[in-house]
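Worksheet: the structure to be examined is printed underneath.
The values are calculated or read from the model by the stated rules, or taken from the named source; none is laboratory data. This one's a predicted model, so the numbers in the text were calculated from it and none came from an experiment. In this analysis, Cβ positions are derived from the backbone assuming ideal geometry, glycine residues included, and neighbour counts consider all displayed protein chains. Just the protein is used for accessible areas: all its heavy atoms, side chains included, with ligands, DNA and RNA removed. Shrake-Rupley method; radii C 1.70, N 1.55, O 1.52, S 1.80 Å.
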Amino acid sequence: MALPDTAPLLVGLLLLFHAFGAWAIVEVNMEDKVEVMAGETAQITCMFTTDEGLGGTTIQWFYVLPNKERQRIYNKEPMHEAAEQNTLFTHRISLNVSGTAAVLAIRDVGVRDNLEFICVIKTLTPEEAEGRTQLKVFKSPTFPTIEAVETGISVNEEAPSKIGSCRVKNGYPKPNITWYRNNMPLRNTPREVVVTSRTTIESSGLFSVQSELTMKVKKEDKDAVFYCEVIYVVPGATKMTESQHINITVYYLPTEVNIWVESPKGNIKEGDTLELRCDNNGNYPSSITTIKHQNSEYSVENKTMVRTNVKRLDGGVYECTFLETDNFEEISGSTKVSVNYLESAVITPKDSIAVMEGEELKASCNALSSLQTSTTWFKNEKLVSKGNTLSVKSATLETAGMYKCVVTVPEMEGMKTSSTLQVNVKGSPQILGPDVQEVETYETTVNLTCSATGFPAPTIMWTTSDGKNLNALQTETEDGAQSVVTFKITSNVKVFCNASNDFGSKVVEFNIKTIQTPTKSPNIKKESKGFVIAIIIIAIFLLAILGSVLYFLYKKGRICGRSGKQDFSKRKSSKDNIVVEMKSDNTEEAILLGVNGEKQQPNDQ
């Protein structure tokens, strides 16, 4: 580049200063480091002082290569400045000089820009000074991802087992991973905890780290929470990020086995569905659970065994056994099941009993049960006695009938049994109703019914007052017999019902009186009577209207009482009056009368 016209003057001054030994003083002051996040703009400040002022000052910027050599990236002379071509920073840097501060701006910095930068200040004299600043670029890593092992881990494993892995990507500087168990950090411990890490440098220069945790698990780890923590550095601070929390499945042998009745709750009775459940405090996949009762053994699915319609023999001790098939370790637990029962009710005497009228009636009812029972007696659905014994001091014919004994278990709803006893009372028959019964009828055929109680069942005979026997249909009832007779009558008659058995007889008299049938009046339908009445009313109404019209015409003079021919014709006058022409056989004169009664001449018609 050609020197300006003042160049000889400057050179002369330089030689003059050199001849007299008078050199300019130059000083540079810079920060040790500048920290910035990747993608941002870094600003490196170079503070300098010189006796010559800015007119003869040259500012140059360099960065240090890995081999410690310098690479100039920017040059500013008094009359010219520019960024060096074909460097890492050619298109990303600019220089701003304000007074004694030269600020180098680097746009869109990356982790590869972690370099040492040099600011050199030169004057017209041979004196120069320089300063150095380390540029540090940071990049926050991604959120950590954690994966737990999918299979369960046995506490019987001798070597540490893999718990999970944690990975974090694209951070700078390299992030660190720490494992935690229930908020407590895990450190490498021989034969107990092993943490291994692997670091990858991506093509971008960023770091990715993967850490794996292996440890020897215990039973308590079934409820433990594991996670990893990532620590990374940013300008002026250190940050931390936690991963999601994970759990692991731990297999461990049980120390006890429990078996219990799941259903029904409370007491068990015959006919119930029994559900037994067996469980243990272990957690091992390779195991077999069985339930043994007496000499029978049953496989258990889903830890449950069901028995339907249980009997008393299904009671007893049930033993549940847990067998771990890997180590063939066995552990058992048991429970006792009681099945309550209620046998059928038994009445003594059985089925039926016959007692003499006036004697004492006694019967007992019992049912064998595993629990306390309650006994009641019913007749015709009505409570007659409580307790096992049915007792009547003096039996009557009303005592006879069907008795039902019901035995229940108050402690358990639904436990009930029953039996029946037919009680017959021996004695003379009794006929229901009064001894003499009056019967009046219009009919010529009569039906009579006679019901008698007694045991043995009485025989019923029908006779008339003239000694004639009547054929009848007899049926036995619960407490005796019933007879129905049908016969024709023509006059008053007496009929006798005689009920008898081995202990006596009873007679009832029916006095039958015939009543003459009254003379029947002609049968006129109600509908016909109503129709005739309606016609008569309508005729009377029409006659009344006709009479009213005739009377009205008569009063108005429209009807003349004179004899002879009369002609009536309507005429219309010029005044729009209606006129009537009246003619008589005795005169030719016509008299025209208007509606208002005025007389008019014929020519006015």
Checklist outcome for this item: Along principal axes, largest first, the alpha-carbon spread of segment 191-253 in whole Å comes out as 51, 23, 18
Checklist entry - Label-point separation (nm) for residue 335 and residue 187, each offset 7 Å from Cα along Cα-to-Cβ? => result 4.9 nm
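Local charge sum around residue 332 (other residues, Cβ-Cβ under 11 Å, Lys/Arg +1, Asp/Glu -1)?
Details: positive: 292; negative: 256, 319, 330.
Combined, the nearby Lys, Arg, Asp and Glu give -2.
For the chain, what does the helix formula give at 222 nm: sum of -39500 (n - 2.57) over DSSP H segments with n ≥ 4, over the residue count, nearest 500 deg cm²/dmol?
Working: 2 runs with 44 residues, N = 605.
Rounded to the nearest 500, it is -2500 deg cm²/dmol.
What percent does the relative contact order of the chain come to when contacts are Cα pairs within less than 8 Å and at least six residues apart? Kindly include the intermediate steps, with their values, before the conclusion.
Numbers: 1321 pairs, mean separation 38.1, N = 605.
Relative CO of the chain lands at 6 percent.
With a 1.4 Å probe and every protein chain left in place, work out the accessible area per residue of the chain in Å², rounded to a whole number. Write out the running numbers ahead of the final one.
On the way: 37470 Å² over 605 residues.
With all protein chains present, the chain gives 62 Å² per residue.
Calculated FRET efficiency, residue 386 and residue 220, Cβ-Cβ r, R0 51 Å, to nearest 0.05?
On the way: r = 63 Å, r/R0 = 1.24.
E(calc), rounded to 0.05, equals 0.20.
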Next on the checklist: Nearest 10 degrees is fine. How inclined is helix 526-555 to the longest principal axis of the chain, computing both from alpha carbons?
Outcome noted: 90 degrees
Item to check | Inter-probe distance in nm under a simple model that places probes 7 Å from Cα toward Cβ, at residue 309 and residue 267 | outcome: 2.3 nm
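Can you pull the percent of segment 25-109's accessible area that's carbon plus sulfur, 1.4 Å probe, other chains left in place? Write out the running numbers ahead of the final one.
Details: 2160 of 4750 Å².
It is 45 percent, rounded to a whole number.
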Checklist outcome for this item: Here the relative contact order (percent) of segment 446-505, from C-alpha pairs under 8 Å and at least 6 apart, is 44 percent
Item to check | Proximal aspartates and glutamates relative to residue 416, as straight alpha-carbon distance under 12 Å, when same-chain residues fewer than 8 apart are discounted | outcome: 270, 343
Next on the checklist: Tell me which of 346, 328, 310 sits at the most positive position along the dipole axis of segment 305-354, charges placed on C-beta atoms (Lys, Arg +1; Asp, Glu -1).
Outcome noted: 346
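Within the set of other residues whose C-beta is less than 14 Å from the C-beta of residue 54, count the net charge using Lys and Arg as +1 and Asp and Glu as -1.
On the way: positive: 76, 122; negative: 51, 52, 77, 81.
Charge balance near residue 54 sits at -2.
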Checklist outcome for this item: The summed charge of the residue 358 Cβ neighbourhood (under 12 Å; Lys/Arg +1, Asp/Glu -1) stands at -1
Checklist entry - Where a Cα-Cα gap under 14 Å defines reach, which aspartates and glutamates qualify for residue 136, not counting those fewer than 8 residues away within the same chain? => result 31, 32, 35, 40, 108, 113, 116
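Kindly state, to the nearest 0.05, the FRET efficiency for residue 29 paired with residue 114, given R0 = 22 Å and r defined as their beta-carbon distance.
Details: r = 22 Å, r/R0 = 1.02.
With a Förster radius of 22 Å, E is 0.45.
Let a ≥ b ≥ c be the square roots of the eigenvalues of the Cα gyration tensor of the chain; is it rounded (a/c under 1.5), or, if not, prolate (a/b larger than b/c) or oblate?
Details: a/c = 8.55, a/b = 1.65, b/c = 5.19.
Because a/c hits 1.5 or more and a/b fails to exceed b/c, the chain counts as oblate.
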Checklist entry - Given the protein chains as shown and a 1.4 Å probe, how many square angstrom of residue 442 are accessible, to the nearest 10? => result 130 Å²
Checklist entry - By average Cβ neighbour count within 10 Å, what is the ranking of 378-386, 242-250 from highest down? => result 242-250, 378-386
Item to check | Solvent accessible area, Å² - residue 80, 1.4 Å probe, full protein context | outcome: 90 Å²
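On a 32 Å Cα-Cα criterion, which of the cross-link pairs 139/222; 68/139; 269/404; 269/303; 426/494; 33/76 come out too long?
Numbers: 139/222 37 Å; 68/139 26 Å; 269/404 24 Å; 269/303 23 Å; 426/494 30 Å; 33/76 23 Å.
Table pairs above 32 Å Cα-Cα are 139/222.
Give me the percent relative contact order of segment 199-293, please, defined on Cα pairs under 8 angstrom at least 6 residues apart. Walk me through the numbers on the way to the answer.
Numbers: 106 pairs, mean separation 18.8, N = 95.
After rounding, I find 20 percent.
Expected output is a single nm value to one decimal: the length gained when fully extending between residue 398 and residue 468, i.e. 0.36 nm times separation in residues minus the C-alpha distance. What is it?
21.9 nm
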Item to check | Net length gained if the chain between residue 41 and residue 326 were fully extended (0.36 nm per residue, minus Cα distance) | outcome: 96.1 nm
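Quick one: if you take sqrt(5λ) for each eigenvalue of the C-alpha gyration tensor of segment 238-388, what semi-axes come out, biggest first, whole angstrom?
On the way: eigenvalues 650, 74, 20 Å².
Whole-Å semi-axes of the equivalent ellipsoid: 57, 19, 10.
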Next on the checklist: Can you order the peptides 540-547, 211-218, 340-347 by their average number of other Cβ atoms within 10 Å per residue, highest first?
Outcome noted: 211-218, 340-347, 540-547
